[in-house]
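Peer 1: Structure provided below as structure tokens; questions to follow.
The values are calculated or read from the model by the stated rules, or taken from the named source; none is laboratory data. Everything quoted here is computed from the prediction, not taken from an experiment. Cβ coordinates were reconstructed from backbone atoms using ideal geometry, including for glycine residues, and neighbour counts include every protein chain displayed. With ligands, DNA and RNA removed, areas are computed over all heavy atoms of the protein, side chains included. Shrake-Rupley method; radii C 1.70, N 1.55, O 1.52, S 1.80 Å.
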Amino acid sequence: MTDAASSESDLIRRAAAGDSDAFGALVQPHLSLFHNGIHRILGNVADTQDALQDALMSIHRDLPRFEGRSRFSSWGYKVCLNAALMVRRSRVRIHDMERPEPLALGPFDERGHHLETDRRPEWQVEAQAHDLVERQEMRECLARALDELPDSHRIVFVLKDLEDWDTDEIARHLQLAPGTVRQRLHRSRVQLQARLRDHVLGGRP
Amino acid sequence: MKLLPSCHDVQTDLTEYAEGALPFRRRAGIWLHLLLCRVCAAFFRGLMALPGVSKTALAPPEAAPDAALKALAAVQAALGKPKP
């Protein structure tokens, strides 16, 4: 066992015995990860803070049952995602009642093919986005675009494309048909890509 | 349905295509369309690259935000030993 792992085990043991300083030292290095995971699902500062608080209480309560089969950060992160999903289930989802925007595709001709194909600037995501993603403005653009997705769509994108859940797992968790999950995922991807494309090619900020 | 679907049909079905959720005939039509249409092919590459780009762009910051520190302080206080 490495020094870091042994010191983490020691912190877990002390925190489980009620030492709040040890709990703080155990959780602090992962706090940004935990907060970020919850915020991506809830997209709301106040809800995120409440869910994080609930999750930290659950982590503390369940520490005696943590067997060290996975890393503490992975286990704690899972607890945080579950707390976020619980909050999401219980709150009124105003966005869900709105009609979804049409897919940002096209323009197409009457046969459904692209118009003016040769003059459309090509979206080279591999070449452009990966370079630009290091820039703060790009990160902000994506974060804003994610916030603007309807709640019912953002959750699917976050679980599938950011958390790497599989479609059936998401469908079971959200009580949706797998086809609905894929439709929502597609709408989210199209909308996010349109925002990124506009940003990279000099459209909307 | 036509063997070669339109750009609109292709772009509407790309996530289902990528997940292998379409019947063979539609899958084959999209595969062929992507070979022939550079705009749809670029659109598809963009969609498939989005998770990687988003994971990088939306990764947690190094420092935990104030709201997270407040949540931890509240929990520590509830555990019986408030932090200064």
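Peer 1: Which condition number in (1) facing chain A (nearest Cβ under 7 Å); (2) in contact with a helix residue (DSSP H, G or I) (Cβ under 7 Å, 6 or more places away or on another chain); (3) aliphatic (A, V, I, L, M); (4) without any contact (Cβ under 8 Å) to a residue 24 or more places away in the chain is the one that B:LEU47 fails?
Peer 2: Going through the list (1) facing chain A (nearest Cβ under 7 Å); (2) in contact with a helix residue (DSSP H, G or I) (Cβ under 7 Å, 6 or more places away or on another chain); (3) aliphatic (A, V, I, L, M); (4) without any contact (Cβ under 8 Å) to a residue 24 or more places away in the chain, B:LEU47 breaks only (4).
Peer 1: Anything in the range B:1-17 that is open to solvent by 50 Å² or more (accessible area, probe 1.4 Å) and either outside any helix (DSSP H, G or I) or at pLDDT 95 or above (or both)? List them, or say none.
Peer 2: Once the filter is applied, which keeps residues that are open to solvent by 50 Å² or more (accessible area, probe 1.4 Å) and either outside any helix (DSSP H, G or I) or at pLDDT 95 or above (or both), the range B:1-17 yields B:MET1, B:LYS2, B:LEU3, B:LEU4.
Peer 1: Going through the range A:38-47 one residue at a time, which ones are within 11 Å of the chain's Cα centre (by Cα) and within 8 Å of chain B (Cβ to nearest Cβ)?
Peer 2: A:ARG40
Peer 1: Show the residue pairs meeting these rules: Cβ distance below 6 Å; 6+ apart or different chains; first residue within the range A:179-200 and more than 7 Å from chain B (Cβ to nearest Cβ) and within 15 Å of A:LEU162 (Cβ to Cβ); second residue surrounded by fewer than 22 Cβ atoms within 10 Å (Cβ to Cβ) and charged (D, E, K, R).
Peer 2: Correct list of pairs: empty, since none qualify.
Peer 1: I'd like the full set of residues that are at the interface with chain A (Cβ under 7 Å from one of its Cβ atoms) and assigned to a helix (DSSP H, G or I), limited to the range B:55-68.
Peer 2: B:LYS55, B:THR56, B:ALA57, B:ALA67, B:ALA68
Peer 1: Could you check, for the range B:55-63, whether at least one of its residues is without any contact (Cβ under 8 Å) to a residue 12 or more places away in the chain and buried (at least 19 other Cβ atoms within 10 Å of the Cβ)?
Peer 2: Checking the range B:55-63: at least one residue is without any contact (Cβ under 8 Å) to a residue 12 or more places away in the chain and buried (at least 19 other Cβ atoms within 10 Å of the Cβ).
Peer 1: Can you find a residue in the range A:103-110 that is modelled with pLDDT of 70 or more and either open to solvent by 100 Å² or more (accessible area, probe 1.4 Å) or among the aromatic types (Phe, Trp, Tyr) (or both)?
Peer 2: There is at least one residue in the range A:103-110 that is modelled with pLDDT of 70 or more and either open to solvent by 100 Å² or more (accessible area, probe 1.4 Å) or among the aromatic types (Phe, Trp, Tyr) (or both).
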